[in-house]
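Asks: Quick one: structure below, then a few questions.
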Amino acid sequence: MRALHLKLGASRPDGMLTPMNNIIGLRGYRETSINYKPQIVEVDLELELRLKSCPCCGATKLHSKGRYERRVRHLTSFGRESLLRIDLQRYRCCECNRTFVPTLPGILPWRQSSEPFREGVYQSHHDGM
């Protein structure tokens, strides 16, 4: 079975972009593509808002330290496990020299799963799976 890959925000015949509904149910992200594989659905995301100041000192002069991808387990979608691949950028503050990554809505620091996924696991165990 071949994987199906969809690019979101494709053009319609009248030139308008198709609406991109928030498929994952978390606010603050923009879906860039969805990849349907036999066992898993991979959703590529990026943050909607860009960072404007340092969370420590509030300085506005930031330096990019590079990009990386964060992978997070999410709720089951279409009967398959889902994986969120979030494109992130690390910054360095030019005033206090601290490095940081913007906080992710619905995903706690150092966690490898989203909060809705964690709540679903808790609820399944609470209900007696």
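The values are calculated or read from the model by the stated rules, or taken from the named source; none is laboratory data. What you are looking at is a predicted structure, and each value in this text was computed from that prediction instead of being measured. Glycine also receives a Cβ, built like all others from the backbone with ideal geometry; neighbour counts cover every protein chain displayed.
Asks: Of all residues being modelled with pLDDT of 80 or more, aliphatic (A, V, I, L, M) and more than 15 Å from E81 (Cα to Cα) in segment 4-50, which is surrounded by the fewest Cβ atoms within 10 Å (Cβ to Cβ)? Just the residue, please.
Replies: L49
Asks: Among the listed residues S77, S33, S82, which satisfies the condition of being without any contact (Cβ under 8 Å) to a residue 40 or more places away in the chain, in contact with a strand residue (DSSP E or B) (Cβ under 6 Å, 6 or more places away or on another chain) and small (G, A, S)?
Replies: S33
Asks: Another one. Note down all Cβ pairs under 8 Å where the first residue falls in segment 113-129 and is within 14 Å of I24 (Cβ to Cβ), the second is basic (K, R) and surrounded by 10 or more Cβ atoms within 10 Å (Cβ to Cβ), and they're at least six residues apart or on different chains.
Replies: Once the first residue is within 14 Å of I24 (Cβ to Cβ) and sits in segment 113-129, its partners that are basic (K, R) and surrounded by 10 or more Cβ atoms within 10 Å (Cβ to Cβ) give S113/R73; S114/R73; F117/R73.
Asks: Which condition number in (1) in contact with a Pro (Cβ under 9 Å, 6 or more places away or on another chain); (2) charged (D, E, K, R); (3) modelled with pLDDT of 90 or more is the one that R80 fails?
Replies: Status for R80: all satisfied but (3).
Asks: Looking only at residues in segment 86-100 that are in a strand (DSSP E or B), touching a residue at least 40 places away in the same chain (Cβ under 8 Å) and of a type outside the set (F, W, Y), which one is surrounded by the most Cβ atoms within 10 Å (Cβ to Cβ)?
Replies: Out of the qualifying residues, it is I86.
Asks: Considering only segment 60-77, state which residues are part of a strand (DSSP E or B), among the hydroxyl-bearing types (S, T, Y) and modelled with pLDDT of 90 or more.
Replies: Those that are part of a strand (DSSP E or B), among the hydroxyl-bearing types (S, T, Y) and modelled with pLDDT of 90 or more: S64, Y68.
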